[in-house]
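Participant: Have a look at the structure that comes next, please.
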There are 4 protein chains.
Amino acid sequence: MSQSRAHEADYRHGLRVYWEDTDAGGVVFYANYLKFFERARTEWLRELGFSQELMRQSQGRMFVVSRTAVSYLAPARLDDWVSVTVELREQGRASMTLFQQAWRDGQLLAEGEIRIGCVDVASFRPARMPEDLLARLSTLILPSS
Amino acid sequence: MSQSRAHEADYRHGLRVYWEDTDAGGVVFYANYLKFFERARTEWLRELGFSQELMRQSQGRMFVVSRTAVSYLAPARLDDWVSVTVELREQGRASMTLFQQAWRDGQLLAEGEIRIGCVDVASFRPARMPEDLLARLSTLILPSS
Amino acid sequence: MSQSRAHEADYRHGLRVYWEDTDAGGVVFYANYLKFFERARTEWLRELGFSQELMRQSQGRMFVVSRTAVSYLAPARLDDWVSVTVELREQGRASMTLFQQAWRDGQLLAEGEIRIGCVDVASFRPARMPEDLLARLSTLILPSS
Amino acid sequence: MSQSRAHEADYRHGLRVYWEDTDAGGVVFYANYLKFFERARTEWLRELGFSQELMRQSQGRMFVVSRTAVSYLAPARLDDWVSVTVELREQGRASMTLFQQAWRDGQLLAEGEIRIGCVDVASFRPARMPEDLLARLSTLILPSS
């Protein structure tokens, strides 16, 4: 049910570091990389033709994050321009795992794996992803050799 | 329908400043005083015997903030213990105005007025506050002389 | 020392509403409009040729927010595209007041005045704004008739 | 240099879920568990007699988070009382790994490992932890059998 992803180009989303993102260490507060990663995932889904708010309101399903494993490698600062990548690593019927990185110019700031699951809005029980999204995601996956 | 509040003692809620609350200026990010004020309002309502989550789920009503006017007077820092007050200034059927201050020891850090309204969860239209809350709030109000 | 601003076009900064911006009411958490307003102010300053991080590191000065007065008029939701304006209302040597609005399509979501002051990074005492910024800002101000 | 920790009682820090912690899914925004974990670590360090702000100002060192691995198991909601544990798992001269859990009543909400490193405030290079903290931490570690 789950396959490795091959070598196509990553999706990339750019964002600016503002005061709200920093902490008293003078750098981006580490927890905020989870926000940066999510902004990139949201825009990646949108680029695939897919709105989460529409899914929530018309289909009663939403994505929840079930696991995050992130390494923080170098600090980003106020006014930095950060580029966040999204790469599909594994895909099931009701969940997927993404590998994401945050870069500033040529420097890797943070990276990690985010696992998200599709759930029913009311019960929070796992629910199959919409068919059109599953179909779209499958085009991003190549069979492992 | 709305009266001035007299001189009884303020409600007071204490909280610690953590990394999450600070910004690269080395101090509490000003927008976070709105969070501090809200924590104090929530605990004040709880002390009055009132749960917002219960109101939302059982009565389909919730509070929304309609106006905030806050002055930021002195910076707070990591590890500071901040005391936040709540004082009822005006009360109507579907809204109230609170005066709130944040103190560290004898120093005033921030203060302002917060106006909150009771709305229907689905429509966001103004809704009368629950009767038991209205009754409880009225005991906090003294007729202006 | 302080003058009214005349009728030139507002600066406008667009942003997307993500999960991080919302609360359990299903809409944007009101305190986050202060973040949205600040993102727009930061980009407005950048457009005027001015970096806050550079000012902080090379001149030892930074902006702090001293007063905010905001009305929250209509809720924004996940995936909404919000346009935030910046308009200089008053300007002194060490402070300025901005009028800002957040719009979604033709609907006004929130608006208010934000007063910011320039301070010394170490002492937090008021400090004159950099000359090049003062010069640039003065071109935005027309004498009141 | 690093040893496993044995069976003494966990440190436990309680906190309330407020509006600021939730998202449009009606539950606590997953990234905020990193904040909850950090509040508990901060209070755990304080209980060990140790202030991070003091370390930053008097010794020019601070802790940064270098790795987080968290599983999100059940949703928490507005007004929930959450209990967060801290357990020292590994300790070196300039870093340590903590295992943390968030509970509501008997239900496990989230858990994971957080690795923090001590760095020089200016250079962000690894720095030995203060001796008194190292001494205090070593009393929490039992030799693995």
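Participant: Taking a label point 7 Å from Cα toward Cβ, how far is C:Ala122 from its twins in the other copies, in nm, shortest first?
Facilitator: So the distances to the same position in the other copies read 1.3, 6.2, 6.3 nm.
Participant: Could you work out the relative contact order of chain C, using alpha carbon pairs under 8 angstrom and six or more residues apart, expressed as a whole percent?
Facilitator: 32
Participant: B:Arg46 label points, 7 Å along Cα→Cβ, one per copy: pairwise distances from this copy to the rest in nm, shortest first?
Facilitator: 1.7, 3.6, 4.0
Participant: If each residue's Cβ is checked for other Cβ atoms within 10 Å, how do A:Tyr72, B:Tyr33 rank with the fewest at the top? Intermediate values should be presented prior to the final figure.
Facilitator: Values: A:Tyr72 23, B:Tyr33 29.
Ascending number of Cβ neighbours within 10 Å: A:Tyr72, B:Tyr33.
Participant: Report the percentage of all Cα-Cα pairs in the protein assembly as shown whose separation exceeds 34 Å, rounded to a whole percent.
Facilitator: Tail of P(r) above 34 Å: 44 percent of Cα pairs.
Participant: With the crude spin-label approximation of a point 7 Å out along Cα→Cβ, what separation in nm comes out for B:Ala94 versus C:Arg128?
Facilitator: Result: 5.3 nm between the two label points.
Participant: Moving on. Please rank B:Val64, C:Val84, D:Val121, fewest neighbouring Cβ atoms within 10 Å first, as an exposure proxy.
Facilitator: On the way: B:Val64 19, C:Val84 25, D:Val121 15.
Sorted ascending by nearby Cβ count, the order is D:Val121, B:Val64, C:Val84.
Participant: Cα centroids of segment B:47-119 and segment D:68-145: how far apart, whole angstrom?
Facilitator: The two parts, judged by their Cα centres, are 32 Å apart.
Participant: How far is A:Leu134 from itself in the other copies, in nm, if each label sits 7 Å out from Cα along the Cα-Cβ line, shortest first?
Facilitator: 5.1, 5.6, 6.7
Participant: Could you give the size of the charge dipole of chain D about its Cα centre, using +1 on the Cβ of each K and R and -1 on the Cβ of each D and E, expressed in debye and rounded to the nearest 20? Spell out each step's value before the answer.
Facilitator: On the way: 18 positive and 19 negative charges, 97 e Å.
Roughly 460 debye, rounded to the nearest 20.
Participant: May I pose another question? With unit charges on the beta carbon (Lys/Arg positive, Asp/Glu negative), name the residue among A:Leu15, A:Ala94, A:Ser83 whose Cα is farthest towards the positive pole of the charge dipole of segment A:15-138.
Facilitator: It is A:Ala94, whose Cα lies furthest towards the positive end.
Participant: Assuming R0 = 22 Å, can you tell me the calculated FRET efficiency for the pair C:Arg46 and C:Ala74, based on Cβ-Cβ distance, to the nearest 0.05? Provide the component values of the computation, followed by the final result.
Facilitator: Working: r = 28 Å, r/R0 = 1.29.
Using R0 = 22 Å, I get an efficiency of 0.20.
Participant: Continuing with the same structure: For chain A, what does the alpha-carbon gyration tensor say about shape, rounded, prolate or oblate, given a ≥ b ≥ c as the root eigenvalues, a/c under 1.5 as rounded, and a/b over b/c as prolate?
Facilitator: prolate
Participant: Could you work out [θ]222 nm for chain B from helices alone, using -39500 (n - 2.57) per DSSP H run of at least four and dividing by all its residues? Round to the nearest 500 deg cm²/dmol.
Facilitator: When only DSSP H runs of four or more count, the value is -6500 deg cm²/dmol.
Participant: If you don't mind, there's one more thing I want to ask. For the modelled label position 7 Å from the Cα of C:Val121 along Cα-to-Cβ, which residues of segment B:9-29 have backbone nitrogen atoms closer than 20 Å?
Facilitator: B:22-29
Participant: Moving on. For B:Met96, B:Met55, what ranking results if the residue with the fewest other Cβ atoms within 10 Å of its Cβ goes first? Could the numbers behind the result be given before it?
Facilitator: On the way: B:Met96 24, B:Met55 19.
With the sparsest Cβ surroundings first, the list reads B:Met55, B:Met96.
We did not get these values from a lab; they are worked out from the coordinates using the rules stated. Source: prediction; values computed, not measured. Quick reminder, even Gly has a Cβ in these numbers, built from the backbone with ideal geometry, and neighbours come from all protein chains shown.
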